[in-house]
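Colleague: Below you'll find the structure I mean.
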Amino acid sequence: MVMRRSDHGELDDATLVRAVAAEDAAALRCLYDRHVPWLVARLRARCLDETVVADAVEDTFLAVWNGAGRWRGDGDVAAWIWGIGVRQLVNHLRRAGRQSRPDPFAAPGDAASAEERVLERLAFGDTGTALARLSPELLEVVQAMVFDGLTARETGRMLGLPEGTVKGRIRKAKSVLRAELGTPVLELGDLR
């Protein structure tokens with residue numbers, strides 16, 4: 001049953017996904033309006049190229065439209081959308097190459113004061129450079145586990161990867177960072 005757009009605002013996300021699976025475009029629009037602000041903000045924190053972010057968001061909701069019937073309904077819709085969004089961003093970054101790589105320490109908002117910039121360089125200069133050199137696959141795991149504070153299991157669910165693959169990638173990232181920095185690396189996420 002396709003509902004009028006005005007009827008969708010009161011529906012929960014799971015009901016909207018089921019409506020999208022039934023090809024209800026108004027339900028997709030409601031999901032889009034509800035979730036695009038935070039999705040764009042989180043993707044911008046990982047990529048400075050607005051075009052890449054916009055393309056990833058567009059492809060995310062295209063994937064939601066095409067994949068709504070496969071959503072199992074056993075998790076949070078926002079987490080499902082986030083997982084799709086991250087995969088889309090990584091795909092676009094691969095196509096765009098290193099010039100659009102995420103800046104792991106980019107902060108939205110006002111420019112930092114001179115003092116904050118000096119402290120940031122002291123604390124993150126070499127580490128930030130080393131993180132920027134990680135492959136997109138390794139960086140997405142580091143960002144999910146370290147910056148977002150997710151467990152290996154949650155990261156795997158979000159990225160659509162087996163938990164063992166996530167653990168392997170975080171180990172590989174730590175190894176690469178140790179080699180880049182030439183010193184022991186602070187623990188990058190625990191392998192929960």
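The values are calculated or read from the model by the stated rules, or taken from the named source; none is laboratory data. Since the structure is predicted, the reported quantities are computational estimates derived from the model, not experimental observations. Heads up, the Cβs are rebuilt from the backbone with ideal geometry, glycines too, and the neighbour counts pull from every protein chain shown.
Colleague: Would you be able to say whether some residue in segment 66-82 is out of contact with any helix residue (DSSP H, G or I) (no Cβ under 9 Å at 6 or more places or on another chain), under 26 Å from LEU161 (Cβ atoms) and polar (S, T, N, Q)?
Modeller: yes
Colleague: Would you please name the residue that is surrounded by the most Cβ atoms within 10 Å (Cβ to Cβ), looking only at residues in segment 56-79 that are among the hydrophobic types (A, V, I, L, M, F, W, C) and free of Cβ contacts under 8 Å to residues at least 40 places away in the same chain? Steps first, answer last, please.
Modeller: Filtering segment 56-79 for residues among the hydrophobic types (A, V, I, L, M, F, W, C) gives 56-57, 61-65, 68, 71, 77-79.
Subset that is free of Cβ contacts under 8 Å to residues at least 40 places away in the same chain: 56-57, 61-63.
On the way: ALA56: 25, VAL57: 20, PHE61: 21, LEU62: 13, ALA63: 16.
Residue satisfying both the conditions and the ranking: ALA56.
Colleague: Go through segment 87-98 residue by residue and tally those that are modelled with pLDDT under 85 and either under 20 Å from THR15 (Cα atoms) or not basic (Lys, Arg) (or both).
Modeller: Residues flagged as modelled with pLDDT under 85 and either under 20 Å from THR15 (Cα atoms) or not basic (Lys, Arg) (or both) within segment 87-98 amount to 6.
Colleague: Please state which one of ASP55, ASP49, ASP24, ASP12 is outside the structural domain of VAL146 (by TED's automatic domain parsing) and modelled with pLDDT under 85. Reasoning before the result, please.
Modeller: Details: ASP55 fails: modelled with pLDDT under 85; ASP24 fails: modelled with pLDDT under 85; ASP12 fails: modelled with pLDDT under 85.
Answer to the selection: ASP49.
Colleague: Then there is this: Against the definition (within 17 Å of the chain's Cα centre (by Cα), at pLDDT below 75 and surrounded by 20 or more Cβ atoms within 10 Å (Cβ to Cβ)), how does LEU150 come out, yes or no?
Modeller: The answer is yes for LEU150.
Colleague: Here's another thing I want to ask about it. Determine which member of the set ARG117, ARG34, ARG101 is modelled with pLDDT under 75 and surrounded by 14 or more Cβ atoms within 10 Å (Cβ to Cβ). Spell out the reasoning first.
Modeller: Values: ARG117 fails: surrounded by 14 or more Cβ atoms within 10 Å (Cβ to Cβ); ARG34 fails: modelled with pLDDT under 75.
Answer to the selection: ARG101.
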